[in-house]
Amino acid sequence: MSTTLPPSSSGTATQESREATGAPDAPASPETTGAPDARPETEPGLGAEARTAPWGTDPYANALRNGHGPLFLRRSDGWLLPLEVERWCSDAGSADLSALHRCEGPVLDIGCGPGRLVAELSALGHRALGIDVSEAAVARTRRIGGSALLRSVFDPLPGEGRWGTVLLVDGNIGIGGDPAALLDRAAELLSTGGLLIAETSPLDIDERVQVRLDDGLRTPAEKAAPGPADRPFPWARIGTPALLRYADACGWRPADQWSAEGRAFVSLRRPRPPVRDRSARTSSQSAESANNTPVIRSQLER
């Protein structure tokens, strides 16, 4: 599922890795972060399927360009989870800062969205890089002074094994619908003893479902001709107790947990032993998921 890129595998990757993680105490700007300045449409690593995935389609791109919703994740039973686009497109707030002030060394923001955290980290003196599968998100992050690449977390990334902190906030612990796989990937990206800061649901839930992006604006004719935005994709919502269970099974060490402005956060230390064999586990999961529908292990509030 994940493809890692060792520092010695290619000259380009080696240069990306060296530049993206050097001099962590230097202020980070588009010129000094060392992140490659390739344009989103020409960057390697993100395949055609990922480029047409729901997060790369008009509902999400339009919301980011407008700076507001409506935008939801819609479950198959019709339940809607509102997405906080206005907050994402604003400056970092006090809850964000409670997480950012705990960051150590160079920071990788997974699913950076419109870039408020990357820009704030740069202002705080961290080298920071955002990654996102949305061209609109990457473009906006760069426009407000952050560095970002058009990549999935499961693509080869600069500086693998050398990041000081990895961020999974704004619901991004749900990426891929498999928290254990995402924790494994984060461990591959971090340096020994590196820090993962994740935002969890304030509810005590552990849910993996198929969802769709929905802006509530589509006409009946558009609904009759489904496009990429209508494609269901796996997502997870987990509370702090569930994340700590997954983390313990993957060998992570709890570092801290806190709440701010109604949002819940957890920080974890990277496992010191080698990460378990993800390829074998992922193959097993793929075979299992082919014969099973998504399992909802707890119900969201309605």
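Placing a pseudo-label 7 Å from each Cα along the Cα-to-Cβ vector at R245 and E84 gives an inter-label distance of 2.5 nm.
Ranking H126, H101 from most to least accessible surface, computed with a 1.4 Å probe over the protein chains only, gives H101, H126.
In plain terms, the C-alpha convex hull of segment 80-144 casts an average shadow of 4.7 nm² when viewed from every direction.
Going by accessible surface with a 1.4 Å probe and the largest first, F72, F265 read F72, F265. Potential lengthening of the chain between S76 and D91 amounts to 2.1 nm, from the contour at 0.36 nm per residue minus the alpha-carbon distance. The residues D58, D96, sorted by heavy-atom accessible surface at 1.4 Å with ligands and nucleic acids left out, run D58, D96 from largest to smallest.
Solvent-accessible surface (1.4 Å probe) assigned to T200 amounts to roughly 10 Å². Distance from the Cα centroid of segment 153-183 to that of segment 67-134 is 13 Å (rounded to whole angstrom).
The values are calculated or read from the model by the stated rules, or taken from the named source; none is laboratory data. Because the structure is a prediction, the values reported are computed rather than measured. When we count neighbours, we look across all protein chains shown, and the Cβ atoms used for this are built from the backbone with ideal geometry, even at glycine. For accessibility, only protein heavy atoms count, side chains too; no ligands or nucleic acids. Shrake-Rupley method; radii C 1.70, N 1.55, O 1.52, S 1.80 Å.
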